[in-house]
1. For the chain, what does the equivalent ellipsoid look like in terms of its semi-axes, each the square root of 5 times an eigenvalue of the Cα gyration tensor, given largest first in whole Å?
2. Please work out whether the stretch 90-139 counts as rounded, prolate or oblate from its C-alpha gyration tensor, where a ≥ b ≥ c are the square roots of the eigenvalues and a/c under 1.5 means rounded, while otherwise a/b larger than b/c means prolate and anything else oblate?
3. In nm, to one decimal, how far is the A76 label point from the R130 one, both placed 7 Å along Cα→Cβ?
4. What's the magnitude of the charge dipole for the chain around its Cα centre, counting Lys and Arg as +1 and Asp and Glu as -1 at the beta-carbon? Answer in Debye, nearest 20.
5. From the backbone phi of the stretch 80-93, what are the Karplus-calculated ³J(HN,Hα) couplings (6.51 cos²θ - 1.76 cosθ + 1.60, θ = phi - 60°) in whole Hz, Gly and Pro given as x?
6. Work out how much length S69 to S122 would gain on full extension: take 0.36 nm times their residue separation and subtract the Cα-Cα distance, in nm to one decimal.
7. Assuming R0 = 25 Å, what is the FRET efficiency of R55 and V89, from their Cβ-Cβ distance, to the nearest 0.05?
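Here, each number is a calculation from the coordinates, and none is a lab measurement. In this text the structure is predicted, and so the values were computed from the model without any measurement. Cβ placement follows ideal geometry from the backbone for every residue including glycine, while neighbour counts extend to all protein chains displayed.
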Amino acid sequence: MTRSLLLIALCGVLAACTADTPDPAQIATGARVYEQHCAACHGAKLEGQPNWRERLPNGRLPAPPHDESGHTWHHADELLFAITKHGMVAPYAPPGYESDMPGFGDRLTDEEIRAVLAFIASHWTSRQVRDARAEILRNARH
Ligand code: HEC
């Protein structure tokens, strides 16, 4: 391979990496926020509450996992941000929807919300979920 071809290939690889590389300081902040504000319901290991697909006696849903076994990764970044900031209220849920997911807009800054979502997203590492998520994010921008 000539030197210029090698350079082009290397730039391609680097660009692919930087677009995707999480900021370690942001992830560390997110881990702290998660432990303090989310783990009680969504689980210390992001595993969610037991039988999270079945409604509780009061008709509400338990907290789903945030790891790859849940459906958090199916949602575009903007929606995850809005749900975390405002809770499961309209327009992110049907009007009058009752949910135990609190809004954190009064307790967390926008940066902290972005950090905790980055921390959660850092657990989505399988090829399958990363590819599917790239597609979801591409579609959300259109
Ligand atoms: C008091 C319990 C509780 C706490 C604390 C809590 N959640 Fe939730 N969360 C829930 C429940 C319950 C749901 C499911 C709501 C529903 O569908 O009705 C949920 C759903 C969500 C969803 C939507 C997931 C999806 O796939 O639809 C996101 C995103 C979320 N929570 C993020 C967070 C973050 C981030 C924190 C911490 C900053 C947090 N939650 C703290 C109970 C909680």
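1. 33, 16, 15
2. Oblate, since a/c reaches 1.5 and b/c is not below a/b.
3. Reported label-point gap for A76 and R130 is 2.3 nm.
4. 320 debye
5. Values per residue, Gly and Pro as x: 4, 4, 5, 5, 5, 6, 9, x, 7, 10, 4, x, 8, 9 Hz.
6. Extending this stretch completely gives an extra 17.7 nm.
7. Computed FRET efficiency for R55 and V89 comes out at 0.85.
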